[in-house]
1. Exactly one of these conditions fails for A:Met286: (1) under 26 Å from C:Pro22 (Cα atoms); (2) touching a Lys or Arg at 6+ places or on another chain (Cβ under 7 Å). Give me its number.
2. Go through the stretch C:112-149 and report how many residues are within 29 Å of C:Val174 (Cα to Cα) and part of a strand (DSSP E or B).
3. How many residues does the stretch A:11-46 contain that are under 21 Å from A:Phe254 (Cα atoms) and within 10 Å of chain B (Cβ to nearest Cβ)?
4. Checking B:Ser219 against (1) part of a helix (DSSP H, G or I); (2) in contact (Cβ under 8 Å) with a residue 12 or more places away in the chain; (3) farther than 20 Å from B:Leu160 by Cα, which single condition isn't satisfied?
5. Among the residues of the stretch C:84-100, is any over 18 Å from the mean Cα position of the chain (by Cα) and on the phi > 0 side of the Ramachandran plot?
6. Under 7 Å between Cβ atoms, which residue pairs at least 6 apart in sequence (or on different chains) link something in the stretch C:148-166 that is closer than 14 Å to C:Glu114 by Cβ with a partner that is open to solvent by less than 40 Å² (accessible area, probe 1.4 Å) and of a type in the set (Val, Ile, Thr)?
7. Any chance the stretch B:86-102 includes a residue that's hydrophobic (A, V, I, L, M, F, W, C), touching a strand residue (DSSP E or B) at 6+ places or on another chain (Cβ under 8 Å), at pLDDT 95 or above and more than 30 Å from B:Ala173 (Cα to Cα)?
8. Looking at the stretch A:35-51, is at least one residue out of contact with any Phe, Trp or Tyr (no Cβ under 8 Å at 6 or more places or on another chain) and farther than 19 Å from A:Pro111 by Cβ?
Amino acid sequence: MRITGTFLDEISYDIPHQNWGPKEWEADFQAMKACGIDTVVLIRCGLQRFIALDSKVLVDKFGCYRPPIDLVELFLTLADKYGMAFYFGTYDLYGVHDDDMIQLEREINFPLCEEVWKKYSHHPSFKGWYLSLEFSRRNDKMIAFQHDLGAHVKALSGNLPVMVSPYIDGCKAVPAGGPLTKEHGITVEEHYKQWDAMLANMEGVLDAVAFQDGHVEYSELAEFLAANKELAVKHGMQSWTNCETFDRDMPIRFLPIKWEKMLLKLEAAEKAGLDKAITFEFSHFMSPNSMYTSAGHLYNRYMEYIQK
Amino acid sequence: MRITGTFLDEISYDIPHQNWGPKEWEADFQAMKACGIDTVVLIRCGLQRFIALDSKVLVDKFGCYRPPIDLVELFLTLADKYGMAFYFGTYDLYGVHDDDMIQLEREINFPLCEEVWKKYSHHPSFKGWYLSLEFSRRNDKMIAFQHDLGAHVKALSGNLPVMVSPYIDGCKAVPAGGPLTKEHGITVEEHYKQWDAMLANMEGVLDAVAFQDGHVEYSELAEFLAANKELAVKHGMQSWTNCETFDRDMPIRFLPIKWEKMLLKLEAAEKAGLDKAITFEFSHFMSPNSMYTSAGHLYNRYMEYIQK
Amino acid sequence: MRITGTFLDEISYDIPHQNWGPKEWEADFQAMKACGIDTVVLIRCGLQRFIALDSKVLVDKFGCYRPPIDLVELFLTLADKYGMAFYFGTYDLYGVHDDDMIQLEREINFPLCEEVWKKYSHHPSFKGWYLSLEFSRRNDKMIAFQHDLGAHVKALSGNLPVMVSPYIDGCKAVPAGGPLTKEHGITVEEHYKQWDAMLANMEGVLDAVAFQDGHVEYSELAEFLAANKELAVKHGMQSWTNCETFDRDMPIRFLPIKWEKMLLKLEAAEKAGLDKAITFEFSHFMSPNSMYTSAGHLYNRYMEYIQK
């Protein structure tokens, strides 16, 4: 199982910024290309007031800060140049999702995606949409919003594929400030049941589900991956794995994962027959250009593995 | 708005040490010089038993550890060589300030500053004093101590300037071990009122106030900076900004700030008409020599900005 | 006092992995050799399901993951090549030690050590055993287990030396997720009393005790080291110090220690007359190859010190 996609963690929620300019980003796209990455997914185009593009909707109507550089333009240009597919990640208001927030995210994302499609669709690498809101437990209002936004962007763009990357509410689904685990992670049965109901309402507008693979114990992962695969097949979607390349088991939150753990997760995904593996994310956690040296060593270990 | 000063974070309270010797420090003074820094401020000369100079007062009378190298001598020598102004940061007992501590800090700092002036004032770069105790809410005993210590060092040194760098008790003024924010940050009105009272009692002994700029939301910063400027003008002081170059929004406490955030803060300080910008601090968070690679990239982004 | 030994932190409990392969490990053994290290101690051969060797006992009987590389074989080969003594660290089930866990650790470690001795004892560098369970307060069941396991491995191996490295339950003996200190650290008298009782039951099977030196205040260290020395002499053991080279006083858990602190600890150990100094651990915290640049600077400061 090879990693063929990565998120681009701009705008970041909890990962410190590397302060790269266009030159450093191009070097990193080259490193991605060298290890077989063909898909880049913008994790979100904005969070609160910080945004990754120069958008009239976000700046003029919602008071976001105009960024010093238009990263969406930069990423699309690099994806064009290196022959990759770019997925545009929608705007996230805050990271938490009550009814008022969902309503506001609706009001922002609908016109925003129209603006984005108008402005950037001339790039041949603009190949899909990523609905960026992350959640796990059954949430019907959220699903209704995701459905409508997915339908909207597909209609806009001639049916380009739509992807989501939810988490599993496992024992490691905890806030970054406290203990590393919680006592009661969700069971695989309950996970299946809740997502079965939610995905039923996303049929036709959702093309791929890339569950995050880092919130359960390594010993539990195989059965969750099998359930995720079954869910996707049942609802006519592709089943991707989001192979997290940072380590959730360490008190520093977060540094690159141990290669052995990544290997276990890739082998489990292969065994479960998943359709594609992407990662959160290359540039901090498995790139030779990362500020974390151990990411470069992870890249070397991974390259040895795929070249065997 | 350019950064023309930096703290030297020796002795550090919460930032891991880089283990630099004289050669590494000289390289960093060269990097500071190259980006326009003309002022270096020792954050404190000691904290508890760890101290940055070989002091009879601190070692013989108060049981501090004699350090392996006299950093005050080193920093003054480098400041002489590179044409910078050096501000000496006073001793901090513990980071918390009850009445007993303030009394003890008084007993230590008065003779200490006399010793320091005798020992180091031959350096042409010895240009000012930094009163290192950090606080935010109105504290009359602390202000009385700061007043007396400021008067004392001015009398010692032929009226050299005295500077402080308080924090704003905003929503990000929280301990490093828990959540990233608290619910009730101070209002700008209350902040103005409390510091108006405190600065009234510092007139004549305080030359510059460099409020830290990282404890409030980015969207609140402009009004706090305007208040800080107004406070300084009213009380006949210079208004500096302490532009923090580490990121308070991330679970790793602390790594270099995102360039976009730093830029927002510099632009806000310029708009508020502040007199000078210094940073906490260059060597860890915006230096090409930093142990954090993203600090070097921040330096590059900043250099592009000032060379535009 | 020089550092002549280091732990090898595989499998790690709370330190992020560097993702080194054989080439990087060999470079690090060379750096160890260059600074006088003659002893390497595997911190543990396994923790939960992750293990550092290809072991029938652990994989077939206890469901551990077969690792991508046999690190025990690699470390022994490098220790052979560079003329070092290798201590094999036993298996740790979980990091906590109730009666059931101790029983299970007994069932695992006895056959495991037999397998290990059979498989790896041809390496001339296999020179000792490290009982990896870490505890501090009096625990008679644990001591009974440590005694029996120590006797077992000595009998297996022709009386090779056995070492432990307990911690002192001082004010810095706290979990990595919360505050940096607790209010009531153990007194030196109580520490002496509890370990006097425990070591009495380890006589004849324990050759060296290397207490960790990082859980007490710097100002308390001298008296704890003196007590540790006295305990070892009384019970006919060697007294080593485990000089921690990471910093327990900083909110990032953990980065390399400040050189001045390490120097204080080494000087205190020398004054207490300890027999040997080892460190936890070279490769992350004082190696020029470490992912943390400040570890390389610590190495340089240490080399200047030993070459004086």
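The values are calculated or read from the model by the stated rules, or taken from the named source; none is laboratory data. This is a predicted model, so every value here is computed, not measured. Neighbour counts run over all protein chains shown; Cβ positions are idealised from the backbone, glycine included. SASA here: full protein model, heavy atoms, side chains in, ligands and nucleic acids out. Shrake-Rupley method; radii C 1.70, N 1.55, O 1.52, S 1.80 Å.
1. (2)
2. 2
3. Selection size over the stretch A:11-46: 10.
4. Here B:Ser219 clears every test but (2).
5. Looking only at the stretch C:84-100, we keep the residues that are over 18 Å from the mean Cα position of the chain (by Cα), and these are C:98-100.
Filter once more, so that each one left must be on the phi > 0 side of the Ramachandran plot: none.
No, because not a single residue in the stretch C:84-100 is over 18 Å from the mean Cα position of the chain (by Cα) and on the phi > 0 side of the Ramachandran plot.
6. The qualifying pairs are C:Leu149/C:Thr90; C:Ala151/C:Val205; C:Val153/C:Val162; C:Lys154/C:Val162; C:Lys154/C:Val205.
7. No, the stretch B:86-102 contains no residue that is hydrophobic (A, V, I, L, M, F, W, C), touching a strand residue (DSSP E or B) at 6+ places or on another chain (Cβ under 8 Å), at pLDDT 95 or above and more than 30 Å from B:Ala173 (Cα to Cα).
8. Going through the stretch A:35-51, the residues out of contact with any Phe, Trp or Tyr (no Cβ under 8 Å at 6 or more places or on another chain) turn out to be A:36, A:38.
This time we only want the ones that are farther than 19 Å from A:Pro111 by Cβ, so: A:36, A:38.
Yes, the stretch A:35-51 contains at least one residue that is out of contact with any Phe, Trp or Tyr (no Cβ under 8 Å at 6 or more places or on another chain) and farther than 19 Å from A:Pro111 by Cβ.
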